[in-house]
2 protein chains.
Amino acid sequence: METLRKRRGTGRVTLADVAKSAGVGAMTVSRALRTPEQVSDKLRDKIQQVVEELGYIPNQAAGALASGKSDSIALILPSFTDKICCDFIPFFQEILNQAGYQLIIGYSSYSITQEEQLLSTLLANNPAAVVLFGSEHSAQTVKLLKNSQAAVLEIAEINELCIDLNVGTDHYQSSKEMTRYLIKQGFQKIAFVGARSEQSILRKQLRGWQAAMLENYLAPDHFLTSNDEPNIELGSEGVAKLLLQQPDLDAFIFSHEEIAMGALFECQRRVLQIPKDIALTCLDGSTFSEKCIPRLTSIEINYAKMAKKAARRLLERLTGEDQGTSKQIDIGFKLCERASS
Amino acid sequence: METLRKRRGTGRVTLADVAKSAGVGAMTVSRALRTPEQVSDKLRDKIQQVVEELGYIPNQAAGALASGKSDSIALILPSFTDKICCDFIPFFQEILNQAGYQLIIGYSSYSITQEEQLLSTLLANNPAAVVLFGSEHSAQTVKLLKNSQAAVLEIAEINELCIDLNVGTDHYQSSKEMTRYLIKQGFQKIAFVGARSEQSILRKQLRGWQAAMLENYLAPDHFLTSNDEPNIELGSEGVAKLLLQQPDLDAFIFSHEEIAMGALFECQRRVLQIPKDIALTCLDGSTFSEKCIPRLTSIEINYAKMAKKAARRLLERLTGEDQGTSKQIDIGFKLCERASS
DNA sequence: GCGCTACCTGATAGCGCTACCAAATGTGTG
DNA sequence: CACACATTTGGTAGCGCTATCAGGTAGCGC
């Protein structure tokens, strides 16, 4: 009987087990799995067979430690319920998974402090890249990122001062364009209702609306914002409050679809004709805007496209094939003109 | 000059650096961070200070390798857009993060093959636990899970044959209860429209509806299912097609809120009075059901509660404090009676 | 044949951390 | 003061894998 004072392995099949069983060296097995082209056909097949036979699953921790590289990518999102996040993740993940990366997802609930804390935990995994939402981060977050050798990607908003890579859209422009469009349609008293008022996205949208109003000599006086998450109540309340304040408002811009939904219900309750009495539009439309009655004019942002561009751009960076490629990608937006205006 | 032929470290601050700088042994630093109560106050403070000074971040891979344990939990969800997933993740993650675990999230798009493939990749991280959605998995998936020493948790559906832990609700019962409720309200010609028809959740809902109809001597003849994801079109189409088939239907049950949304629009288009002409209900209601006009009677499932119970139960298992605790938790559901019926 | 390159394979030495033991230090008892 | 005993600390040997280098084999031209 052996002295087994020292801890033994976990009992799982290791690379060494495969090597012994296949009658080759450990390195050859490692190469057969990681860089198959460096191994002769004969041995590669043999090894592949033994791998399947024994049900070998590589130990990621050991690999990461030995190589100093890691195949994990940290993704910190502010929310999982927001449309952008839900639409973004699957496409992003799919492409990265195919390239052999794992997503580790964290959730900051729109707090830069929580983002920072999460980041420092996630960095313990030594991720190949860190993906952050938005452009607002704590100083410490930025410092941690610069100290780590991880690639950094900021998504959602176009941000001139981005840390490294940046894929997003310009919320100032889209809001401005919507407002201009409404003005061109003959609407004049255009109100704005937005949620997550402390986020820079909303601030940009608000500024876009203001700018378009001012350039047409209209007063951007009627708006309502809340720092809560977008919800149906805000839409109902917004319509109610602003109409009380100024009964002859003729159009509304909502930052999010959920808010527009509440506004639509409120207008139904008041038996207001859309768009005759009032126009409703939103800056973040998708299925509801497209299907409700009447259909809502909205800005549509293609989050699937954003996810794909972001994933591809990130992979370029990780493989080092991104010489001369732009660090910033603006995925644009689409103004969808529909019945509500 | 030293010969530095052998690769050097990554350049990051290591535990050894901290130990040297604090003038203590490496083990003491390790303990100070992992089991602080085993280190004297003086040294613990000293070490903590050096850690902050140097900005030391532990290398998770090394720790996992050395200890054979891992603080990652693999979560494989079928979708990121489904309400259940969006609502589930944040609460689940929050509790587990606080307990020091990291979530690694994968996405199977409702395919058990993809689930299996994802699982085998995720197992390379040697996760402490694997969380799966639903009760349907490939044989290979079950085998992989049994071979790994990871705890296994299946969420969403109550499943008598669960692999290990199980937290969810009974979709057969909730559907049956909704049908019984409608019958008690005097509705008789009750139709069913559901999405994701190949998922066991939908099959259970369909069976619940059928059972309740049959026990009241009503024929469960009018139903429409689609294997697509729930969407607004299916609601509009479902109402249109089934009313064509049987014009005097007096009630509908929809598996998902999105479908009910489409149905509601279709009824508005047809100027049908709800619930006088027709009742609309859904089995997976949340904000829309509660806020739309008229408000929809629906089954509400508390996903936040599900996430919390699931996380707590899992932690009990991981810390081994779950002797005598049930492996299965039914979180129930609530029938919310509203204006639409 | 020899020298040369090109390719394949394997032995070795870590990657940074923690389990394990052993040693050192403090604490209380006879 | 010697002794057992608990508490705190440190040295050592891996965890399973890969980078690196060295050795081996094959193919080619002279």
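The values are calculated or read from the model by the stated rules, or taken from the named source; none is laboratory data. Here the structure is a predicted model, which is why all the values come from computation and not from measurement. Cβ sites come from the backbone with ideal geometry, for glycine too, and all protein chains shown count toward neighbours. These area figures cover heavy atoms from the full protein model, side chains too; ligands, DNA and RNA do not enter into them. Shrake-Rupley method; radii C 1.70, N 1.55, O 1.52, S 1.80 Å.
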Quiz item: Mind checking which residues of region A:102-126 are more than 10 Å from chain B (Cβ to nearest Cβ) and either closer than 25 Å to A:Pro58 by Cα or among the charged types (D, E, K, R) (or both)?
Solution: A:Glu115, A:Glu116
Quiz prompt | Count of residues meeting criterion [open to solvent by 60 Å² or more (accessible area, probe 1.4 Å) and assigned to a strand (DSSP E or B)] in region B:320-341 | solution = 2
Quiz item: Residues in region A:235-253: is at least one within 14 Å of chain B (Cβ to nearest Cβ) and under 23 Å from B:Gly262 (Cα atoms)?
Solution: yes
Self-check item: Enumeration of residues in region B:9-30 that are farther than 19 Å from A:Asn126 by Cβ, within 11 Å of DNA strand C (Cβ to nearest atom) and surrounded by 18 or more Cβ atoms within 10 Å (Cβ to Cβ)
Solution: B:Ala19, B:Thr28
Quiz item: In this structure, is A:Ala339 in contact with a helix residue (DSSP H, G or I) (Cβ under 9 Å, 6 or more places away or on another chain) and either small (Gly, Ala, Ser) or under 21 Å from B:Glu266 (Cβ atoms) (or both)?
Solution: no
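Tally up the residues in region A:254-273 that are within 17 Å of A:Ser197 (Cα to Cα) and either away from every other protein chain (no Cβ under 13 Å) or assigned to a helix (DSSP H, G or I) (or both), please. Don't jump to the end; show me each part of the working.
Step one: filter region A:254-273 for residues within 17 Å of A:Ser197 (Cα to Cα), giving A:254-260.
Still in the list and also either away from every other protein chain (no Cβ under 13 Å) or assigned to a helix (DSSP H, G or I) (or both): A:254-255, A:257-260.
Selection size over region A:254-273: 6.
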Practice problem: Search region B:31-57 for residues that are at pLDDT below 95 and pair each with any residue that is assigned to a helix (DSSP H, G or I) and open to solvent by 80 Å² or more (accessible area, probe 1.4 Å) when their beta-carbon atoms are under 7 Å apart and the residues are at least 6 apart or on different chains. | Solution: B:Gln38/B:Arg31; B:Val39/B:Arg31; B:Gly55/A:Asn147
Quiz item: Would you say A:Ala22 is aliphatic (A, V, I, L, M), under 36 Å from the mean Cα position of the chain (by Cα) and not assigned by TED's automatic domain parsing to the domain that holds A:Leu318?
Solution: no
Practice problem: Check whether at least one residue in region A:314-332 is more than 24 Å from the chain's Cα centre (by Cα), modelled with pLDDT of 95 or more and farther than 30 Å from A:Gln149 by Cβ, and report yes or no. | Solution: no
Practice problem: Go through (1) in contact with a helix residue (DSSP H, G or I) (Cβ under 9 Å, 6 or more places away or on another chain); (2) farther than 21 Å from B:Arg207 by Cα and name the single condition B:Asp248 misses. | Solution: (1)
Exercise. Looking for whichever is aliphatic (A, V, I, L, M) and over 27 Å from the mean Cα position of the chain (by Cα) here; the options are B:Ala195, B:Ala219. Which one fits?
Key: B:Ala219
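Residues that are closer than 25 Å to A:Phe88 by Cα and among the hydrophobic types (A, V, I, L, M, F, W, C): does region B:137-152 have at least one?
No: region B:137-152 contains no residue that is closer than 25 Å to A:Phe88 by Cα and among the hydrophobic types (A, V, I, L, M, F, W, C).
Would you please name the residue that is farthest from DNA strand C (Cβ to nearest atom), looking only at residues in region A:35-68 that are more than 7 Å from chain B (Cβ to nearest Cβ) and polar (S, T, N, Q)?
Only one residue fits best here, namely A:Gln49.
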Quiz prompt | Residue that is outside the structural domain of B:Phe288 (by TED's automatic domain parsing), crowded, with 17+ Cβ neighbours inside 10 Å and within 16 Å of DNA strand C (Cβ to nearest atom), where the choices are B:Ser79, B:Ser72, B:Ser108 | solution = B:Ser72
Exercise. Taking the residues in region A:82-101 that are more than 9 Å from chain B (Cβ to nearest Cβ) and under 16 Å from A:Lys309 (Cβ atoms) as candidates, determine which candidate is surrounded by the fewest Cβ atoms within 10 Å (Cβ to Cβ).
Key: A:Gln98
Self-check item: Selection from region B:274-315 of residues that are open to solvent by 60 Å² or more (accessible area, probe 1.4 Å) and either away from every other protein chain (no Cβ under 14 Å) or aliphatic (A, V, I, L, M) (or both)
Solution: B:Lys276, B:Asp277, B:Asn302, B:Lys305, B:Lys308, B:Lys309, B:Arg312
Quiz item: Which ones in region B:116-137 are open to solvent by less than 10 Å² (accessible area, probe 1.4 Å) and more than 19 Å from B:Asn97 (Cα to Cα)?
Solution: B:Leu119, B:Leu123, B:Gly134
